[in-house]
Amino acid sequence: MRANRRFLLIGSGEFEPWSEEVERAALEGRPPRVAICPTASAPEGDGVFDRWARMGTEHYRVVGVEPVV
């Protein structure tokens, strides 16, 4: 059986309250789990990458979604 997956590519202000409506719509009828891939921040070093990963983790935990970095 093929997996039916959805991907949201959100940048520039991600992990802000405005994105919750879009994220909830994408997760409707699916397990509340997301992958966080802060790839654009990787060239800036581990500290920046880790900060974005932490921001995403906090954002999704507040809205009741399990984040995976």
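The values are calculated or read from the model by the stated rules, or taken from the named source; none is laboratory data. The structure displayed is predicted, hence computed values, not measured ones. Don't worry about glycine lacking a Cβ; one is built from the backbone with ideal geometry, like all the others, and counts go over all protein chains shown. In case anyone asks, the SASA skips ligands and DNA or RNA and just uses the protein heavy atoms, side chains included. Shrake-Rupley method; radii C 1.70, N 1.55, O 1.52, S 1.80 Å.
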Result for the chain: accessible area per residue, probe 1.4 angstrom, in square angstrom, of 78
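Express the carbon and sulfur contribution to the solvent-accessible surface of the chain as a percent, rounded to the nearest whole number, probe 1.4 angstrom.
Values: 2910 of 5400 Å².
C and S atoms contribute 54 percent here.
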The size of the Cβ-based charge dipole (Lys, Arg +1; Asp, Glu -1) of the chain about the Cα centre, to the nearest 20 debye, is 420
quick shape note, the chain: Cα extents on principal axes in Å, largest first -> 38, 29, 18
With the 8 Å Cα cutoff and a minimum separation of six or more residues, the chain has a relative contact order in percent of 34
